[in-house]
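Here is the structure we will look at, set down as structure tokens.
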2 protein chains.
Amino acid sequence: MDKKIRIGILGYGNLGKGIEIGIKNNSDMELVAIFTRRDPDKISTITGTKVVSIDDIENWKDKIDVMMLCGGSATDLPVQGPKYSEIFNTIDSFDTHHDIPEYYKKVDESAKKGNNIALISVGWDPGLFSVNRLMAECFLQNGNTYTFWGKGVSQGHSDAIRRIDGVKNGVQYTIPIDEAMNRVRNGENPELTVREKHLRECFVVLEDGADSKKIEEEIKNMPNYFDEYDTIVHFISEEELKRDHSTMPHGGFVIRSGKTGVENQTNQIIEYSLKLESNPEFTASVLLAYARAIYRMKQNGDVGAKTVFDIAPCMLSPKNKDEILKIL
Amino acid sequence: MDKKIRIGILGYGNLGKGIEIGIKNNSDMELVAIFTRRDPDKISTITGTKVVSIDDIENWKDKIDVMMLCGGSATDLPVQGPKYSEIFNTIDSFDTHHDIPEYYKKVDESAKKGNNIALISVGWDPGLFSVNRLMAECFLQNGNTYTFWGKGVSQGHSDAIRRIDGVKNGVQYTIPIDEAMNRVRNGENPELTVREKHLRECFVVLEDGADSKKIEEEIKNMPNYFDEYDTIVHFISEEELKRDHSTMPHGGFVIRSGKTGVENQTNQIIEYSLKLESNPEFTASVLLAYARAIYRMKQNGDVGAKTVFDIAPCMLSPKNKDEILKIL
């Protein structure tokens, strides 16, 4: 048995916890420590893993093979990515689409300076969905790609609801519309508006005395988040919300509808889908497989920023080359 | 514009024709010549591409970047793979699962001798389905993988029917059984027999005076091909067969059902599926994308036998690194 890949976690939220839990299904890895900005003594971990202050993280340089950056894309990762990729091989799930090229450039510089690999924007979207969109486009160059999300909880939309005055709590589900998906699967190559692709369903807990009619209107007309969609709003009690809406399911579909043949008359459909009972647990599992890949690529002498597009499938697997050949 | 990737085709059957037709959707490629064991003067190609005798193939060493080996796995490729990978970068769709490790070894030796890359067993199964099985297992290590094929024409089973005395012609469809697929998608992780997974439906044209009852029994009890399945046999006329069953649709589903969470209590499903109106045209499109990949890997100095597991997604795309980053 080779020595295990030593994993560190920076940031102990839903994703960090998912990695902590998920590592047991990866027998070639061990979780060394969880790093936090909070007081380590006040955090009790699910598996009893050691918690360390972020101030001490540089002392762990030689004790960790891959550091999983589990912070958010808005404020954490733009700082942490460039900073820690100079010290460690890193993986993150940076998902501010517009800023990816700039983020890639910064992380690439610092990873190269530290002789490390930094794999950015890993997860399922961006991540596995990106890989499937790219590959499907290569196989069916003449065609259209459609992405549908859900049914699942959107954190961004749930947060937007919770920021409204008079709202105590709330959860928003994004729901793909069957009719649109079926038209795509039938090879119709339709032009779809945002309203035709997804429905938004909200479960909202009101503060005492709040005006439900007014809040429903405010949600439905919220620019960018809801105004272009058909939105259903339910008002429920805090108990109902906790009982029925406390898990984080998600998923989605990438469908490529392409044409081949002499007259491009032949319909060909590639579809990739996820049905996840826990979004953070699945995302964590994906990050762990990619941690294996960059650990190996580093051993092969590779450095710098990478994306999921740079990772050959064989690098993700704990199996060796002969075992993999057999499953071809 | 860089110079185009120069493609050659060896073997002018369904797959070779698919590549000939498909190349127009790959603006960075050009088809140089089609090589055949038959008399070149007796072949008229769909696009007017030059046809050359296989005896002259070595003279084309410096005129072709990637040679697509379109022969069969039974007798053509075991000879052609090792022989031509010493002269050209090659791609094939070798699919005799049991012999892949030995074939890989032989092709690896000759490709290295000729300083070429030989990518073996490309297509959708083996090929894209293999990639999806491997990747899904890496992301959900605790789980089961299910492959369903169809609805589509199985050449092997159609050939088996046509070999029966008294059968003039016939087509066999492999049909996945919805109930089994739905149990898998629901996370039940069922143990499924071959009979529970697929149904076989045959359309048979009899010779004059043949005994339909006897032939139906012979089909249904044919070892390996039909005896473990529920099989439906229809007898139709040659005209009906030509009218209704002359296309080659196929497809299938790879479903990984895995568990995550502290007690492995969380269901997570990854599904990849293809719905193809033309199996050979789609397979050809896949081979062309992989031709681009090995052309580039060769330029990067790589040599030897490769499989789809060795190919990073970015290598398949005609887009450059900056364009790819934008679609992440």
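Okay, residues lined up against (1) at pLDDT below 95; (2) under 30 Å from B:GLN172 (Cα atoms):
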{"position": "B:GLU239", "(1), (2)": "no, yes"}
{"position": "B:ARG243", "(1), (2)": "no, yes"}
{"position": "B:VAL262", "(1), (2)": "no, no"}
{"position": "B:SER285", "(1), (2)": "no, yes"}
{"position": "B:GLY304", "(1), (2)": "no, no"}
{"position": "B:ASP310", "(1), (2)": "no, no"}
{"position": "B:CYS314", "(1), (2)": "no, no"}
{"position": "B:ASP322", "(1), (2)": "yes, no"}
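Residues are listed down the side, and each one gets a yes or a no for (1) over 27 Å from the mean Cα position of the chain (by Cα); (2) assigned to a helix (DSSP H, G or I); (3) touching a residue at least 24 places away in the same chain (Cβ under 8 Å):
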site	(1), (2), (3)
A:GLN141	no, no, yes
A:TYR146	no, no, yes
A:ASN189	yes, no, yes
A:LEU192	no, no, yes
A:GLU196	no, yes, no
A:GLU216	yes, yes, no
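Criterion first (in contact (Cβ under 8 Å) with a residue 24 or more places away in the chain, within 14 Å of chain B (Cβ to nearest Cβ), under 30 Å from B:GLU323 (Cα atoms) and touching a Phe, Trp or Tyr at 6+ places or on another chain (Cβ under 7 Å)) does A:THR174 satisfy it? Here the answer is no, as A:THR174 does not meet what is asked.
Scanning segment A:280-309 for residues that are in a helix (DSSP H, G or I) and open to solvent by 10 Å² or more (accessible area, probe 1.4 Å) returns A:PRO280, A:GLU281, A:THR283, A:SER285, A:TYR295, A:ARG296, A:MET297, A:LYS298, A:GLN299.
The residue that is farthest from A:GLY156 (Cα to Cα), counting only those in segment A:61-107 that are in a strand (DSSP E or B) and not β-branched (Val, Ile, Thr), is A:ASN89. Within segment B:262-279, restricting attention to residues that are over 30 Å from B:LEU31 (Cα atoms) and among the aliphatic types (A, V, I, L, M), the residue that is most open to solvent (accessible area, probe 1.4 Å) is B:VAL262. Among the residues examined, B:ILE219 qualifies as among the aliphatic types (A, V, I, L, M), modelled with pLDDT of 95 or more and either open to solvent by 20 Å² or more (accessible area, probe 1.4 Å) or touching a helix residue (DSSP H, G or I) at 6+ places or on another chain (Cβ under 7 Å) (or both). Looking across segment A:108-123 at every residue that is out of contact with any Phe, Trp or Tyr (no Cβ under 7 Å at 6 or more places or on another chain) and either within 12 Å of chain B (Cβ to nearest Cβ) or outside any helix (DSSP H, G or I) (or both), the one that is most open to solvent (accessible area, probe 1.4 Å) is identified as A:ASN115. Restricting attention to segment B:222-233, which residues are surrounded by 13 or more Cβ atoms within 10 Å (Cβ to Cβ), within 14 Å of B:SER158 (Cα to Cα) and not β-branched (Val, Ile, Thr)? Once the filter is applied, which keeps residues that are surrounded by 13 or more Cβ atoms within 10 Å (Cβ to Cβ), within 14 Å of B:SER158 (Cα to Cα) and not β-branched (Val, Ile, Thr), segment B:222-233 yields B:MET222, B:TYR225, B:PHE226. Among the residues of segment B:45-77, those that are within 14 Å of chain A (Cβ to nearest Cβ) and of a type in the set (Ser, Thr, Tyr) comprise B:THR45, B:THR47, B:THR49, B:SER73.
Could you check segment B:1-45 and list, in sequence order, the residues that are surrounded by fewer than 11 Cβ atoms within 10 Å (Cβ to Cβ) and not hydroxyl-bearing (Ser, Thr, Tyr)? Of everything in segment B:1-45, those that are surrounded by fewer than 11 Cβ atoms within 10 Å (Cβ to Cβ) and not hydroxyl-bearing (Ser, Thr, Tyr) turn out to be B:MET1, B:ASP2, B:LYS3, B:ASP39, B:ASP41, B:LYS42.
Please verify whether segment A:265-279 includes one or more residues that are under 16 Å from the mean Cα position of the chain (by Cα) and either acidic (Asp, Glu) or in a helix (DSSP H, G or I) (or both). So far as segment A:265-279 goes, yes, one or more of its residues are under 16 Å from the mean Cα position of the chain (by Cα) and either acidic (Asp, Glu) or in a helix (DSSP H, G or I) (or both). Scanning segment B:157-187 for residues that are part of a loop (DSSP other than H, G, I, E, B) and either within 13 Å of B:TYR146 (Cβ to Cβ) or of a type in the set (Phe, Trp, Tyr) (or both) yields B:ILE177, B:ASN186, B:GLY187. Restricting A:LEU206, A:LEU128, A:LEU134 to those that are modelled with pLDDT of 95 or more and open to solvent by 30 Å² or more (accessible area, probe 1.4 Å) reduces the list to A:LEU206.
In summary, A:ALA33 fulfils each of the numbered conditions (1) more than 14 Å from chain B (Cβ to nearest Cβ); (2) free of Cβ contacts under 8 Å to residues at least 40 places away in the same chain; (3) in a helix (DSSP H, G or I) with the single exception of condition (3). The set of residues from segment A:139-165 being open to solvent by less than 10 Å² (accessible area, probe 1.4 Å) and of a type in the set (Val, Ile, Thr) comprises just one member, A:ILE161. Of all residues in segment A:264-315, those satisfying the criterion of being within 7 Å of another protein chain (Cβ to nearest Cβ) and more than 27 Å from A:GLN155 (Cα to Cα) are A:THR266, A:ASN267, A:GLN268, A:ILE269, A:ILE270, A:ASP310, A:ILE311, A:ALA312, A:PRO313, A:CYS314. Among the residues of segment B:246-258, none qualifies, meaning not one is within 7 Å of chain A (Cβ to nearest Cβ) and small (Gly, Ala, Ser).
The values are calculated or read from the model by the stated rules, or taken from the named source; none is laboratory data. These numbers come from a predicted model, not from an experiment. As a convention, Cβ positions derive from the backbone with ideal geometry for all residues, glycine included, and neighbour counts pool all protein chains shown. Just so you know, the surface numbers come from the protein's heavy atoms only, side chains and all, with ligands and any DNA or RNA stripped out. Shrake-Rupley method; radii C 1.70, N 1.55, O 1.52, S 1.80 Å.
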